[in-house]
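Peer 1: Below is a structure I'd like to ask you about.
The values are calculated or read from the model by the stated rules, or taken from the named source; none is laboratory data. These numbers were taken from a predicted model, which means no experiment stands behind them. In this analysis, Cβ positions are derived from the backbone assuming ideal geometry, glycine residues included, and neighbour counts consider all displayed protein chains. Protein only, heavy atoms only, side chains kept; ligands, DNA and RNA dropped before computing areas. Shrake-Rupley method; radii C 1.70, N 1.55, O 1.52, S 1.80 Å.
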Amino acid sequence: MNTARGAAFSVGLTGGIGCGKSTVADLFASLGATIVDTDAIAHALTAPHGAAMPAILAEFGPDFATPDGALDRARMRSLVFADAGARGRLEAILHPRIRDATAAAAAIATGPYVIYAVPLLIESGTWAERVSRVLAVDCSEDTQVARVMQRSSLSADQVRAIMATQVTRAQRLAAADDVIDNDDGLEALFPQVKRLHERYLSLSM
């Protein structure tokens, strides 16, 4: 995996909850980019018999597992939102494993460049130094709330509480090298993705 700007070309894709990171990643994938999705890796690590589950249960106790042995996400979410120390303990278990898995995925990448989809890229403090460019997917906060409410059972207040744990929109935009606007739906997205894909191809040569 790329460990510094100037190594093999890579892009860190980020955005707040509900901004449409997955949709953008899918569009880049359709153009040939290799996508390494840290959320998907985290879900695999915490699935039934996932590699992180023994350490999580040893740290937090058996109540944090579902009957099939996966992480009880709702219970853990409630804990880490209320307790920053618990969040740190969970991250200490997951982050090294996610880092190793992303490195393994990047090592077998076949695309002309790699996009690391990292929801908390800016918050992590290290990812921005590990990629060639940072790409933020942006939309209004009202759009974020509406999208998350539409796809989940969360209330507006709950969505805004999650947003409050992430960097602000302004901070994310300030940290980005490139920005995709996702307020206007799929038709407006693809031309932006295609333009950046062509730029990334030229930079990766």
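Peer 1: Quick one: in region 191-202, of everything that is touching a residue at least 40 places away in the same chain (Cβ under 8 Å) and open to solvent by less than 80 Å² (accessible area, probe 1.4 Å), which residue is farthest from residue 136 (Cα to Cα)?
Peer 2: Of everything passing the filter in region 191-202, 201 is farthest from residue 136 (Cα to Cα).
Peer 1: If you don't mind, there's one more thing I want to ask. Scan (1) in contact with a Phe, Trp or Tyr (Cβ under 9 Å, 6 or more places away or on another chain); (2) at pLDDT below 95 for the single condition residue 84 breaks and write down its number.
Peer 2: Only one criterion is unmet by residue 84, namely (1).
Peer 1: Right, next: (1) touching a Ser or Thr at 6+ places or on another chain (Cβ under 8 Å); (2) under 29 Å from residue 197 (Cβ atoms): which one isn't true of residue 147, the others all being true?
Peer 2: Of (1) touching a Ser or Thr at 6+ places or on another chain (Cβ under 8 Å); (2) under 29 Å from residue 197 (Cβ atoms), only one is false for residue 147: (1).
Peer 1: Tell me whether region 127-146 contains one or more residues that are modelled with pLDDT under 90 and among the hydroxyl-bearing types (Ser, Thr, Tyr). Walk me through how you get there before you give the answer.
Peer 2: Here is the first cut: in region 127-146, the ones modelled with pLDDT under 90 are 127-130.
Checking which are among the hydroxyl-bearing types (Ser, Thr, Tyr) leaves us with none.
No, region 127-146 contains no residue that is modelled with pLDDT under 90 and among the hydroxyl-bearing types (Ser, Thr, Tyr).
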